[in-house]
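Take a look at the structure set out below.
The values are calculated or read from the model by the stated rules, or taken from the named source; none is laboratory data. Values in this document were obtained by computation on a predicted structure and should not be read as measured data. Ideal geometry is used to build each Cβ from the backbone, glycine not excepted, and the neighbour counts take in all protein chains shown.
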């Protein structure tokens, strides 16, 4: 039970096994989530060294203040969720699991937003590996309103382009393995 609570409270930190929480962080977390931990449940968290606790798109600092988490501190999954929330994909939560799977396949499971494939007859950018080879490039630049192909390394831009392709052809441009 206690390990499950530790995992719940600290699941988004990169140092679950070595990071604890201050009393101020626990209070802020309990207030924010509406979950109240008993003294017994709090003890293991308070015994570990203190560290900021990343909670989605916010961080509970050691002093208990809640601040926005810089996007470069987000995990790939958190960055995905944030980017999806800023695009038309947000209207289709039923597709998010498959979209995440496709991003995994297209990036070789790295989920690297600057994934690029320029080998052979390919010229694909970003999470969804939007292909810009040959005459597709200039046409898609105009279609997606890009100033350069590298705009596709911005997750929201890549997902917006992917949304347009999805609207036109559903999942056809991507793998059927998801």
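Listed values, structure above:
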{"quantity": "Qualifying residue in the range 134-152 (condition: in contact (Cβ under 8 Å) with a residue 40 or more places away in the chain and either in contact with a strand residue (DSSP E or B) (Cβ under 8 Å, 6 or more places away or on another chain) or outside any helix (DSSP H, G or I) (or both))", "calculated": "no"}
{"quantity": "Every residue from the range 121-132 that is exposed (fewer than 14 other Cβ atoms within 10 Å of the Cβ) and under 22 Å from residue 167 (Cβ atoms)", "calculated": "none"}
{"quantity": "Residue count, the range 75-89 (criterion: more than 13 Å from residue 99 (Cβ to Cβ) and over 8 Å from the mean Cα position of the chain (by Cα))", "calculated": "1"}
{"quantity": "Breaking point among (1) in contact with a helix residue (DSSP H, G or I) (Cβ under 7 Å, 6 or more places away or on another chain); (2) not assigned by TED's automatic domain parsing to the domain that holds residue 25, for residue 66", "calculated": "(2)"}
{"quantity": "Top-ranked residue in the range 73-120 [being part of a loop (DSSP other than H, G, I, E, B) and in contact with a helix residue (DSSP H, G or I) (Cβ under 6 Å, 6 or more places away or on another chain); ranked as surrounded by the fewest Cβ atoms within 10 Å (Cβ to Cβ)]", "calculated": "86"}
{"quantity": "Lone qualifier among 168, 160 - being part of a helix (DSSP H, G or I) and free of Cβ contacts under 8 Å to residues at least 60 places away in the same chain", "calculated": "168"}
{"quantity": "All positions within the range 41-55 that are within 28 Å of residue 104 (Cα to Cα) and either loosely packed, with under 12 Cβ neighbours inside 10 Å or modelled with pLDDT of 75 or more (or both)", "calculated": "none"}
